[in-house]
There are 2 protein chains.
Amino acid sequence: MTTHDSAPTPDLAYGVDIIAGSTHALGSYALSEQDSINFAAAWDPQIFHVDLAAAAAGAYGGLIASGIQTIAIYERLVVLAVFSGWSIIAGRGLRDVRFLRPLRPGDMVSGAMKVDTVHFDARNRALVTTTGELTNQADETVLRLVMEVYVRAQPERTA
Amino acid sequence: MTTHDSAPTPDLAYGVDIIAGSTHALGSYALSEQDSINFAAAWDPQIFHVDLAAAAAGAYGGLIASGIQTIAIYERLVVLAVFSGWSIIAGRGLRDVRFLRPLRPGDMVSGAMKVDTVHFDARNRALVTTTGELTNQADETVLRLVMEVYVRAQPERTA
């Protein structure tokens, strides 16, 4: 027996349920020093992300998180708050990702997302374009990006 | 005593040393199943990234890596191969990030980067725009992106 992941799942939102212009608060993430160093050591081992002494003496006066980790934090928040309730097929990509301010250990960021457009195609897919932001505890924007995801347009019924 | 991170460092490349049009091979990364699941559990807990049974029954016939992890793998490769030798100030952002094919556990990807442009400003900075790719063992492009980084234009000499 084959399980079809495209079988109707009443609890999930499909493309037809997603409203352009809708906005979503995504919750918050507190970044610890160890979390920041661990991520950077694995994925972005630049000195100002991993070396406390060098970072303290450097341009930022202390460690800053990898920009890639800011994207990962945004992804975590948007998946938990929104995408886990959507019938996602796949991510298509990101556009216009800007690291607007440094994210530092000890910072707490909050996420927000807006649905910009929902475009349907002939393959029962909707391409949902969203704009996302992370804002720190001082209400400064740390990250802004555009994320595009494919969602099933509506439940498919297999014969 | 203050250590200036802007002091000349003869071993590092500055903006004046970076050649538009130059290309760089970035080495390779082999993705294990555990690595893929660990990353997704932390940063992108969508079912097709973390749940083996559900992923096997789903649209891809098995687990696929988080798109955010493909960006992280590219970052790791470009930092180790190139950016660790540049006088980097900070990343500015990413543009036109496309997840062109799924990355699966067991895949081995290789990275390549090209310097597109080097633009100097009045603050002794160079904005270096690069295009990067990850290619899998079947020579299929998995990821393509544009990455912009600020680099010190030339060594500063403090009085």
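Only residues that are over 14 Å from B:Trp86 (Cα atoms) and either surrounded by 15 or more Cβ atoms within 10 Å (Cβ to Cβ) or among the β-branched types (Val, Ile, Thr) (or both) were counted across the range B:17-26, and they come to 2.
Against the criterion of being surrounded by fewer than 18 Cβ atoms within 10 Å (Cβ to Cβ), of a type in the set (Asp, Glu) and either in a loop (DSSP other than H, G, I, E, B) or touching an Asp or Glu at 6+ places or on another chain (Cβ under 7 Å) (or both), A:Asp11 qualifies.
One residue is enough: does the range B:118-125 have a residue meeting the conditions of a type in the set (A, V, I, L, M) and within 15 Å of the chain's Cα centre (by Cα)? No: zero hits.
Kindly establish whether A:Ser6 is assigned to a helix (DSSP H, G or I), surrounded by fewer than 20 Cβ atoms within 10 Å (Cβ to Cβ) and either within 11 Å of another protein chain (Cβ to nearest Cβ) or at pLDDT below 95 (or both). No.
Might you let me know whether the range A:83-103 holds any residue that is modelled with pLDDT of 95 or more, surrounded by fewer than 20 Cβ atoms within 10 Å (Cβ to Cβ) and among the polar types (S, T, N, Q)? Checked against the condition, which is being modelled with pLDDT of 95 or more, surrounded by fewer than 20 Cβ atoms within 10 Å (Cβ to Cβ) and among the polar types (S, T, N, Q), the range A:83-103 yields at least one hit. Comparison of B:Asp96, B:Asp116 shows that the only residue that is within 11 Å of chain A (Cβ to nearest Cβ) and either within 22 Å of B:Pro155 (Cα to Cα) or in contact with a strand residue (DSSP E or B) (Cβ under 7 Å, 6 or more places away or on another chain) (or both) is B:Asp96.
If I filter the range A:53-64 for residues that are aromatic (Phe, Trp, Tyr) and within 12 Å of another protein chain (Cβ to nearest Cβ), do I get at least one hit? Within the range A:53-64, one or more residues are aromatic (Phe, Trp, Tyr) and within 12 Å of another protein chain (Cβ to nearest Cβ). When B:Gln154, B:Gln137 are checked against the criterion of being more than 10 Å from chain A (Cβ to nearest Cβ), over 30 Å from B:Phe48 (Cβ atoms) and either over 10 Å from the mean Cα position of the chain (by Cα) or modelled with pLDDT of 95 or more (or both), a single residue qualifies: B:Gln154.
A count restricted to the range A:27-60 and to residues that are surrounded by 14 or more Cβ atoms within 10 Å (Cβ to Cβ) and assigned to a loop (DSSP other than H, G, I, E, B) stands at 8. The criterion of at least 3 residues that are among the aromatic types (Phe, Trp, Tyr) is met by none of the strands (runs of 3 or more DSSP E) falling completely within the range B:72-139.
The values are calculated or read from the model by the stated rules, or taken from the named source; none is laboratory data. On a predicted model such as this, the values are computed, not experimentally measured, just so you know. We place every Cβ from the backbone using ideal geometry, glycine too, and count neighbours over all the protein chains shown.
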